[in-house]
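Scroll down for the structure; my scribbles are underneath it.
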Amino acid sequence: MKSFQHVFTHATVWFMNHTHTNFGILIATPERLVIDYSRLEAGFSNNTTKQSLAEIILTEPMQIVHCLHPDEDGYRQG
């Protein structure tokens with residue numbers, strides 16, 4: 001994880017701990033991550049996206065936000 005962060009300055013950890021399987025995802029963005037909640041809500045209004053996310057028991061946009069553990073600064077400190 002430290003190597004990933006060393007290569008990608010704006011790295012975050014997403015821990016999907018709300019489903020029957022627990023897993024983490026490392027995500028890097030070109031700039032500091034800013035969560036656009038209205039964009040998440042718009043994504044959930046798309047039936048195809050909504051059905052796909054429901055398969056992993058993501059039914060509300062806030063569930064995605066809660067998967068961010070930790071944010072960029074917390075990751076750097078860890």
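The values are calculated or read from the model by the stated rules, or taken from the named source; none is laboratory data. Quick caveat, the model's predicted, so the values are computed rather than measured. Here the Cβ positions follow ideal geometry from the backbone for every residue, glycine too, while neighbour counts run over all protein chains shown.
For M16, the stated conditions hold: it is under 13 Å from the mean Cα position of the chain (by Cα) and either surrounded by 13 or more Cβ atoms within 10 Å (Cβ to Cβ) or basic (K, R) (or both).
Selection within region 32-61: residues that are closer than 20 Å to V13 by Cβ and modelled with pLDDT of 90 or more. The member of this set that is surrounded by the fewest Cβ atoms within 10 Å (Cβ to Cβ) is V34.
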